[in-house]
Structures are given as C-alpha cells and as structure tokens.
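The values are calculated or read from the model by the stated rules, or taken from the named source; none is laboratory data. No experiment lies behind these values; they were computed from the predicted model shown. With ideal geometry, Cβ positions are generated from the backbone for all residues, glycine too; neighbour counts draw on all protein chains shown.
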Amino acid sequence: MSQDGSEPASHERPKVALELNLGAIIAPAQNAVVLASEIVDFVSGAMQGADLSKKPVNQGLQYRFKSPEISATERRAMYESWLYSKAFQDLLRGLKGSLELAYCSLI
C-alpha cells in the first residue's frame, strides 16, 4: 500500500463479470405456481359438483382402508386442507429451487 492508502496499480483486484439468467433462476418457482394454481382450480371445481357425503369408490386399484363415517362438510374440509397443504409444499419447493439457483449463480 502506498502512503496515501491506495493500492499500487500492480495489486489491483481482478474484475469479474457476472451474468445471471433470471429466466432460468425463476423457472422452478414459476412452474410451481402454475402447476399448483391449475391443480387447485381443477380440484376445487370438481369438488363443487361432487357428492362428498360418500367415500369415493375405488376404481381399479386393489387397496382398501377402513375409514370412519364423516359428513360431506367434514370431507370437503379434509380434502381442501390436504390440497392446500400440498400446493404450499410445492410452492415452497419451487421457491427453494429458485433461491438455490440464484445462490449458485452468485458463487
């Protein structure tokens, strides 16, 4: 260092050019938003016309679980709770993916 506190020209810090592809970085979050919103809209619409007073009939799959009798209101609330929790999980997973890409791009 020189007496005036500046570094000599021979010890200049190297300059780094950083170019971020914002489209690639936001893609995981954007894809999660699109998919989650479409699925929530579809299932919510399907539940509007469905008879939720009865347990759905198992078509083709070979599993059976005994479940307690529940009302249509309880079943709707249970389905909505599950649906929204899955949607938020996917949204958070997409946001995490975007943040990881942004962090890795900066390293």
Matching residues in the stretch 67-101 - criterion: being without any contact (Cβ under 8 Å) to a residue 40 or more places away in the chain, within 24 Å of VAL33 (Cβ to Cβ) and either more than 12 Å from the chain's Cα centre (by Cα) or outside any helix (DSSP H, G or I) (or both)
TYR79, GLU80, SER81, TRP82, GLU100
MET78 passes all but one of the listed conditions (1) surrounded by 10 or more Cβ atoms within 10 Å (Cβ to Cβ); (2) modelled with pLDDT under 90; (3) farther than 30 Å from ALA24 by Cβ; the exception is number (2)
Hey, can you tell me all the residues within the stretch 1-37 that are part of a loop (DSSP other than H, G, I, E, B) and at pLDDT 65 or above?
GLU12, ARG13, PRO14, LYS15, VAL16, ALA17, LEU18, GLU19, LEU20, ASN21
Inside the stretch 9-36, can you point out the residues that are polar (S, T, N, Q) and either in contact (Cβ under 8 Å) with a residue 40 or more places away in the chain or in contact with a Leu (Cβ under 9 Å, 6 or more places away or on another chain) (or both)?
ASN21, GLN30, ASN31
Could you list all residues from the stretch 41-54 that are of a type outside the set (Gly, Ala, Ser), within 15 Å of ALA77 (Cβ to Cβ) and not in a loop (DSSP other than H, G, I, E, B)?
VAL43, MET47, GLN48
In this structure, does ALA50 turn out to be hydrophobic (A, V, I, L, M, F, W, C), modelled with pLDDT of 95 or more, surrounded by 12 or more Cβ atoms within 10 Å (Cβ to Cβ) and under 30 Å from the mean Cα position of the chain (by Cα)?
no
Tally, over the stretch 22-43, of residues that are under 8 Å from GLY94 (Cα atoms) and buried (at least 17 other Cβ atoms within 10 Å of the Cβ):
3
